[in-house]
């Protein structure tokens, strides 16, 4: 009973992952328009915290989509991304710090998103 009571009082955060493209069984990729439509449906379902992108060193549909969000003046305060914590190595060791900001994390900041 005590555990159940504690569970009832816990504040949770659900991150919706509908906008991320599955790599399993895909016959074609999302377009920015597909992602914008999915965003609308996720919001209609009442989801607030949405994972909208996974950036990398090369340009992806997620880059174009986030540029579109910015151009439309979309409120991005509850939008999240997947990023690496490091993308540089030296002598087989991951490099961290101000001189080694991962490209994906820099893009997250550029678009005003959260990680």
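Would it be correct to say that residue 106 is free of Cβ contacts under 8 Å to residues at least 40 places away in the same chain, in a helix (DSSP H, G or I) and closer than 28 Å to residue 13 by Cα?
On the way: free of Cβ contacts under 8 Å to residues at least 40 places away in the same chain: yes; in a helix (DSSP H, G or I): yes; closer than 28 Å to residue 13 by Cα: yes.
Here the answer is yes, as residue 106 does meet what is asked.
For the stretch 93-103, does any single residue satisfy the condition of being within 21 Å of residue 113 (Cα to Cα), in contact (Cβ under 8 Å) with a residue 24 or more places away in the chain and touching a strand residue (DSSP E or B) at 6+ places or on another chain (Cβ under 6 Å)? No, the stretch 93-103 contains no residue that is within 21 Å of residue 113 (Cα to Cα), in contact (Cβ under 8 Å) with a residue 24 or more places away in the chain and touching a strand residue (DSSP E or B) at 6+ places or on another chain (Cβ under 6 Å). A single member of 15, 50 is in contact with a strand residue (DSSP E or B) (Cβ under 8 Å, 6 or more places away or on another chain) and buried (at least 16 other Cβ atoms within 10 Å of the Cβ), and it is 50.
Meeting the requirement of 3 or more residues that are within 18 Å of residue 108 (Cβ to Cβ) and under 15 Å from the mean Cα position of the chain (by Cα), the helices (runs of 4 or more DSSP H) wholly within the stretch 1-81 are 32-44, 61-71.
A short reminder: the numbers here are calculations on the coordinates, not readings from a lab. Worth saying up front: this structure is predicted, and the values here are computed from it rather than measured. Every residue, glycine as well, gets a Cβ built from its backbone with ideal geometry; the counts of neighbours run over all protein chains shown.
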